[in-house]
Amino acid sequence: MKLNGGIFIEAQHKGLICIVLSAMGFGIMPIFAKIAYKGGITPETLLSLRFILSGIILFIYLRLSKVSIKVTKRDLMYLFLLGGVLYSATAIFYFYSIRYISTALSVLIMYTHPMMVALLSNIFDRERLTVQVLMSMTVAFMGLSMILGDSLVLKVNTFGILLALATAISYSLYIFISSRIIKKVPSLVATAYISISAFGGLVGLGLAQGNLSLNFDTTVGIPLVGLVFCSTIFALVFFLKGVEVLGATKSTIISMFEPVFAVVFSMLIFKETLSFLQLVGGIAVLSGAVMVMIMKEKVTEVSGGQEV
């Protein structure tokens, strides 16, 4: 029993380390983007290159791992819809927002998405909002009001704030819809298809707006490699490895370290700062998001349901 317990604890620790490394990889993503922008690349071009390279590498990895990439026509249609519309919209809103406001501010606003998902579940799935969940959501949205209120006083770029809010909305729609229509496709396979379809959506957007151009400095190469490997491939693989040990909900809660890493990295590298009220608001947003996920896990356990 002691031996089995020791193995279980060791596995839990490995799962925790995997999720923290994943959060670090995702958290440094906007840093790579901001560095790449200095080389003259547009968000549409940067994201298009990120997704096509990530998609190709993922398909090669799946092929070498002998994982079947076959999906039904229905699932394929939904995957391309999710990637080409919702995920590409989320990415472009986020990558544009950090051009107008600080990374720290953008990521904190974006992390109101768990509350938005809870609201969508209540409206469309009639998922009951418990008193605890409502209180958690209230804390988070009060935090958001602090962030936005102080940002207006400090004359932070309003367009950047709206883009960050659009990121949260589109990402919550992506999570809500994908968890309900893609139920039998392995996460890594789904991500490969979504990456390729997001590439298609972003190329179409870039061509329509005339913002797709390969006229940028070679200095973009290093942050692009960082985006593809650190913030996409490795971050995703570590997250999935952690989920295998800890489960989806616990892993998602631990992955809330991502905005913390993003804020810390932006402060260290770009010397970005938050006002006291924005910092308090950010803590409230993240606390509310964590509490919402914990409460939803308890409801799932009581109801005997399973997360997709």
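The values are calculated or read from the model by the stated rules, or taken from the named source; none is laboratory data. Keep in mind it's a predicted model, so treat the numbers as computed, not measured. Because the Cβ atoms are built from the backbone with ideal geometry, glycine has one as well, and the counts that use them run over all protein chains shown.
General observations
- Flag for residue 183 being buried (at least 18 other Cβ atoms within 10 Å of the Cβ), at pLDDT below 90 and among the basic types (Lys, Arg): no
- Yes/no for residue 172 being assigned to a helix (DSSP H, G or I), of a type in the set (Ser, Thr, Tyr) and modelled with pLDDT of 90 or more: yes
- Candidates 156, 133: the one that is modelled with pLDDT under 90, out of contact with any Gly (no Cβ under 7 Å at 6 or more places or on another chain), more than 16 Å from residue 290 (Cβ to Cβ) and buried (at least 17 other Cβ atoms within 10 Å of the Cβ) is 156.
- Any hit, the range 70-83, residues being touching a Leu at 6+ places or on another chain (Cβ under 9 Å) and within 30 Å of residue 261 (Cα to Cα): no
- Filter pass, residue 261 being farther than 22 Å from residue 191 by Cα, at pLDDT 90 or above and in contact with a helix residue (DSSP H, G or I) (Cβ under 6 Å, 6 or more places away or on another chain): yes
- Scanning the range 80-90 for residues that are surrounded by 17 or more Cβ atoms within 10 Å (Cβ to Cβ), modelled with pLDDT of 90 or more and closer than 21 Å to residue 265 by Cβ turns up at least one hit.
- Whichever residue in the range 264-308 is at pLDDT below 85 and of a type in the set (Lys, Arg) and, among such residues, is nearest to residue 28 (Cα to Cα): 296
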